[in-house]
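Please read the structure below before turning to the comments.
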Amino acid sequence: MLTLITDIDGTLSGDIEGLNEFKKYLKKIRKQIFLVYATGRNFDDYKEIKRKDNLPLPDALILNTGADIYFYKNGYFNHNKIWNTKIDSKNWNNQKILNLLKNIKEIFPQENIQRFKVSFYIQHGKEEIVKEKAELLLKKNKIKANVIISHGKYLDILPENCDKGEASLFLIEQKKIKRQDVVVAGDSENDLDLFNKFGKGIVVANALLKVKKKLKQKKFYFAKGSFAKGLLEGLKYYLYEKGYENEKICNINK
């Protein structure tokens with residue numbers, strides 16, 4: 001069995017035609033795939049895009065850029081509290097962080113603050129100065145945290161050692177999945193932690209240029225297709241080229 005850990009927005013979602021092709025193919029091989037969505041969305045936002053785009057039902061969810069993990073079992077998503085305990089620390093206080101970073105004039109808070117993720121919108125073109133200011137403020141206040149910027153307009157503050165990659169490592173450990181049996185996929189900066197933790201990855205054609213540049217020296221699959229078409233292209237590549245499936249099913253031209 002192959003485990004596919006994929007981002008949603010900009011990777012799986014974004015092109016309905018490509019998504020339909022992906023779903024059609026996935027249906028044929030569903031028993032051979034352990035499917036995980038790794039997204040910055042919270043649970044309510046995930047449910048919204050799941051309904052809107054009619055996304056395939058995954059086996060697990062990594063939400064809030066790695067801060068929350070859910071496993072699907074018996075018709076329900078079960079929140080994994082062990083992971084939350086693991087990333088929690090005495091100096092983590094989401095309300096304190098929110099109040100502290102409000103002093104940065106180039107950002108403003110997103111709605112619905114999460115227990116282990118504090119998020120802001122960034123003014124256009126201000127991402128570098130915002131990252132510098134946020135890291136400095138957190139350091140001065142002795143708060144150990146992970147500062148992640150994506151698409152140049154979203155700022156996420158997470159507990160130290162918390163990101164999509166770390167959450168994925170915890171998830172596969174819980175499910176006793178070998179790292180070499182994992183393929184990751186993404187398009188933006190908050191997916192880099194996924195690629196940095198695993199050896200097999202799909203970089204969709206619409207991925208940000210800065211993401212492509214950071215990954216170009218590594219042996220990932222750079223898809224010609226964008227969004228779900230690229231995801232499907234890469235999935236077929238790894239299923240066939242890496243020996244997880246037979247040529248008849250995985251022929252990329254089918």
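Remarks
- Gln180 being of a type outside the set (Val, Ile, Thr), part of a loop (DSSP other than H, G, I, E, B), assigned by TED's automatic domain parsing to the domain that holds Asp15 and farther than 26 Å from Leu155 by Cβ: no
- Counted residues, region 160-175 - those being crowded, with 24+ Cβ neighbours inside 10 Å and assigned to a helix (DSSP H, G or I): 4
- A single member of Ala207, Ala228, Ala185 is in contact with a Lys or Arg (Cβ under 9 Å, 6 or more places away or on another chain) and under 23 Å from Glu17 (Cβ atoms), and it is Ala228.
- Scanning region 176-197 for residues that are more than 18 Å from Lys236 (Cβ to Cβ) and touching a Ser or Thr at 6+ places or on another chain (Cβ under 8 Å), we see that the one that is surrounded by the fewest Cβ atoms within 10 Å (Cβ to Cβ) is Ile177.
- Leading residue by the ranking (nearest to Glu233 (Cα to Cα)) among those in region 9-34 that are part of a strand (DSSP E or B) and not hydrophobic (A, V, I, L, M, F, W, C): Ser13
- Evaluated against (1) within 15 Å of Leu169 (Cα to Cα); (2) in a loop (DSSP other than H, G, I, E, B), Pro58 falls short on exactly one condition, (1).
- Ala60 among the hydrophobic types (A, V, I, L, M, F, W, C), over 23 Å from Ala145 (Cβ atoms) and at pLDDT 95 or above: yes
The values are calculated or read from the model by the stated rules, or taken from the named source; none is laboratory data. Since the structure is predicted, the reported quantities are computational estimates derived from the model, not experimental observations. Ideal geometry is used to build each Cβ from the backbone, glycine not excepted, and the neighbour counts take in all protein chains shown.
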